[in-house]
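Data first, discussion second: the structure below is written as structure tokens.
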Amino acid sequence: MNRLTKLLEAALFAAPRPLSVTELLVLEPEAAPDEIRAALRELELHYDEGGHGVQLVELADGFQLLTRPELAEAIAEAHLVDRPRKLSAAALETLAIVAYRQPVGRGEIEEIRGVVADGVVRLLVDRSLIEVVGRSDTLGRPLLYGTTAAFLELLGLKSIDELPRLDELSVALTPLAPLGAFEEG
């Protein structure tokens, strides 16, 4: 493993969030972005082929060292790591609306959900899962919200484009027919 790869490994190990190629370039200013990507590929192979308990994952427009999925449950059960607090059903609904409709205003969120969304929107902003991305051109110029890199990191996505398409969700969420509902004939 060369010096650049070791340097990237140390930075990724120390970082609490995914680091972008641009951020990693600061470590070695003479390196080109392609050299950083090549070193990241070398590091990824090192962890994949070496049978390690961690892996290099690309998510939220960056790279992060994470526990392998098959070991995550054991780590969680041992309570060795602080887990993020769970979100309520209302917060998850609101987060889904923002993710699929962004940029979206509070009024549209409330229209879709049928309830006032001030508290839930504030909670999601406080947890850095959504952020203000602009203002609408409509009367009063209300704030518009979009998802953040922390949202992508939470879901393990590289970009918002990796969210399931709405037509895929409608199929996945369709209730199954009860057993015996189909008759031979």
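Listed values, structure above:
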item	result
Test: residue in the stretch 138-149 that is surrounded by 14 or more Cβ atoms within 10 Å (Cβ to Cβ), closer than 30 Å to Ala39 by Cα, hydrophobic (A, V, I, L, M, F, W, C) and outside the structural domain of Ile36 (by TED's automatic domain parsing)	yes
Within the stretch 143-168, considering residues that are assigned to a strand (DSSP E or B) and either of a type in the set (A, V, I, L, M, F, W, C) or under 12 Å from the mean Cα position of the chain (by Cα) (or both), the one farthest from Ser20 (Cα to Cα)	Leu143
Residue satisfying all of: in the stretch 19-46; under 12 Å from Leu4 (Cβ atoms) and of a type in the set (Gly, Ala, Ser); surrounded by the most Cβ atoms within 10 Å (Cβ to Cβ) among these	Ala39
Test set (1) of a type in the set (Val, Ile, Thr); (2) over 20 Å from Pro16 (Cβ atoms); (3) modelled with pLDDT of 95 or more - Thr138 fails condition number	(3)
Residue selected from the stretch 50-65 under the condition in a strand (DSSP E or B) and hydrophobic (A, V, I, L, M, F, W, C), by the criterion surrounded by the most Cβ atoms within 10 Å (Cβ to Cβ)	Phe63
Criterion: without any contact (Cβ under 8 Å) to a residue 60 or more places away in the chain and either more than 26 Å from Val125 (Cα to Cα) or in the same structural domain as Thr148 (by TED's automatic domain parsing) (or both) - qualifying residue of Leu25, Leu19, Leu66	Leu25
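The values are calculated or read from the model by the stated rules, or taken from the named source; none is laboratory data. The model shown is predicted, which means the values in this text are computed figures rather than measured ones. Neighbour counts run over all protein chains shown; Cβ positions are idealised from the backbone, glycine included.
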